[in-house]
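Okay, so here's the structure we're looking at.
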Amino acid sequence: MENAEETLKEAEERTFTLTGHKALVGLDGFVDKIVTPVNQRHGMGENFDPIETISDLGSRITAAAGKSTNIELFSRFDKLGGNGPIMANSLLSLGLPTRYVGALGRSEPHPVFKDFAEKTEAITLADPGITTALEFKDGKVMFGDMKSLDDVDYSRILEVCGEGKFIDMLARANLVAMVNWTMIPKMTATLVEILEKIMPSLPPLDTRQFFFDLADPAKRSQEDILEAMRVFARYQAHAEVTLGLNFNEAIQVSQVLGLNPQDDDSAGLRQMAQDIRNELELACVVVHPVSSAACATKKDSWWAPGPFTPNPKITTGAGDHFNAGFCAARLCGFSPRSCLTLASCTSGYYVRTAQSPSSSQVVGFLRELTQES
């Protein structure tokens with residue numbers, strides 16, 4: 001993999017360790033029900049042929065128009081979900097002490113979050129949403145029930161957490177990641193209140209970084225997306241801000257900002273990241289399609305390929321692991337291109353094993369890639 005040897009050398013010199021850093025992550029929470037759509041059954045249990053691609057599912061549904069159809073969803077397992085919990089779990093595995101504030105349960109965490117809530121000393125605000133995730137070889141389709149997330153807002157945070165404790169959590173965090181903006185209806189208003197009521201009084205912290213993630217904003221209006229972008233940009237006055245986008249999100253944000261969307265090749269991704277960064281005047285914008293990634297800072301833009309696999313064990317959460325790897329690498333002071341490579345390896349390890357890697361496992365995976373190339 002291109003850039004792998006360069007990143008490996010940097011990792012051996014700098015070390016991918018997060019001693020002395022802390023993270024605060026929020027605000028969503030989902031129970032993910034991972035399922036496989038059945039094409040044809042040959043017996044009980046897993047004795048069936050799956051519907052392998054999103055296109056095949058689309059054709060099956062289209063063919064039922066004016067008639068009806070029944071599609072079996074074979075349950076694989078339930079797991080903690082939501083961009084925030086998955087990213088926080090990945091940060092924990094990478095070795096970054098992480099606190100969580102989000103929708104894990106109204107009065108106490110849902111059982112699927114029990115261990116996670118203990119490890120992150122979680123502040124739980126509302127019942128989690130429910131996501132039924134259909135996984136295919138060429139992507140995933142997620143059906144969500146998220147009415148409970150309407151309860152997540154600034155006043156609820158203070159009610160459950162207490163203003164002093166929440167301010168202290170923000171003050172101590174080197175990384176503050178507020179993700180899944182699309183699914184939290186009051187996220188923009190919450191961020192504005194934090195920005196105006198808390199940020200001006202926080203003591204300075206040289207290594208403080210903010211990370212924001214939209215999570216497929218197609219269902220939100222252009223006005224809502226633009227407002228969120230402007231709020232993210234306001235945080236730049238208090239700390240370095242990174243905006244993480246997958247390729248479709250980058251196209252949507254480009255259009256909302258009046259920019260020209262680009263192709264998903266190296267030049268196009270770098271240009272799109274740079275254009276968005278320049279327009280919003282953020283510290284960093286990262287764009288990550290499935291097989292590569294690019295980022296832009298004030299100094300320049302970079303691109304790196306990813307360790308793509310055509311047969312992933314899991315894909316739900318891959319982007320959140322990428323984001324965790326990228327943020328962790330930036331906290332460690334890696335070069336932008338190495339941040340991209342370490343982020344891709346964090347995600348690459350996860351989709352192959354369905355396990356969140358430690359930082360040493362990420363470096364080990366990177367070393368294997370250099371030996372294969």
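The values are calculated or read from the model by the stated rules, or taken from the named source; none is laboratory data. This is a predicted model, so every value here is computed, not measured. Cβ atoms come from the backbone with ideal geometry, glycine included; neighbour counts cover every protein chain shown.
It is to be established whether one or more residues within segment 68-78 are of a type in the set (Val, Ile, Thr), loosely packed, with under 13 Cβ neighbours inside 10 Å and part of a loop (DSSP other than H, G, I, E, B). Yes.
Yes or no, residue by residue, for (1) in contact with a strand residue (DSSP E or B) (Cβ under 9 Å, 6 or more places away or on another chain); (2) closer than 30 Å to MET169 by Cβ:
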residue: PHE212; (1), (2): yes, yes
residue: PHE247; (1), (2): yes, no
residue: LEU259; (1), (2): no, no
residue: ALA267; (1), (2): yes, no
residue: GLN271; (1), (2): yes, no
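So, LYS79, is that one charged (D, E, K, R), without any contact (Cβ under 8 Å) to a residue 24 or more places away in the chain and more than 25 Å from THR242 (Cα to Cα) or not?
Details: charged (D, E, K, R): yes; without any contact (Cβ under 8 Å) to a residue 24 or more places away in the chain: no; more than 25 Å from THR242 (Cα to Cα): yes.
Taking the combined requirement at face value, the residue does not satisfy it.
Checked against the criterion of being hydrophobic (A, V, I, L, M, F, W, C) and assigned to a helix (DSSP H, G or I), segment 201-217 contains not a single residue that satisfies it. Here ALA88, ALA63, ALA126, ALA133 are screened, and the one residue that is among the small types (Gly, Ala, Ser) and within 23 Å of ALA171 (Cα to Cα) is ALA88.
Just one residue in the set ALA343, ALA273, ALA294, ALA318 is free of Cβ contacts under 8 Å to residues at least 40 places away in the same chain, under 20 Å from THR7 (Cβ atoms) and in contact with a Phe, Trp or Tyr (Cβ under 7 Å, 6 or more places away or on another chain); that residue is ALA318.
In summary, ARG208 fulfils each of the numbered conditions (1) modelled with pLDDT of 95 or more; (2) buried (at least 18 other Cβ atoms within 10 Å of the Cβ); (3) of a type in the set (D, E, K, R); (4) under 24 Å from ALA328 (Cβ atoms) with the single exception of condition (1).
Checking the structure you have, find out if any residue of segment 34-55 is of a type in the set (A, V, I, L, M), surrounded by fewer than 17 Cβ atoms within 10 Å (Cβ to Cβ) and in a loop (DSSP other than H, G, I, E, B). The answer is yes, given that some residue of segment 34-55 is of a type in the set (A, V, I, L, M), surrounded by fewer than 17 Cβ atoms within 10 Å (Cβ to Cβ) and in a loop (DSSP other than H, G, I, E, B).
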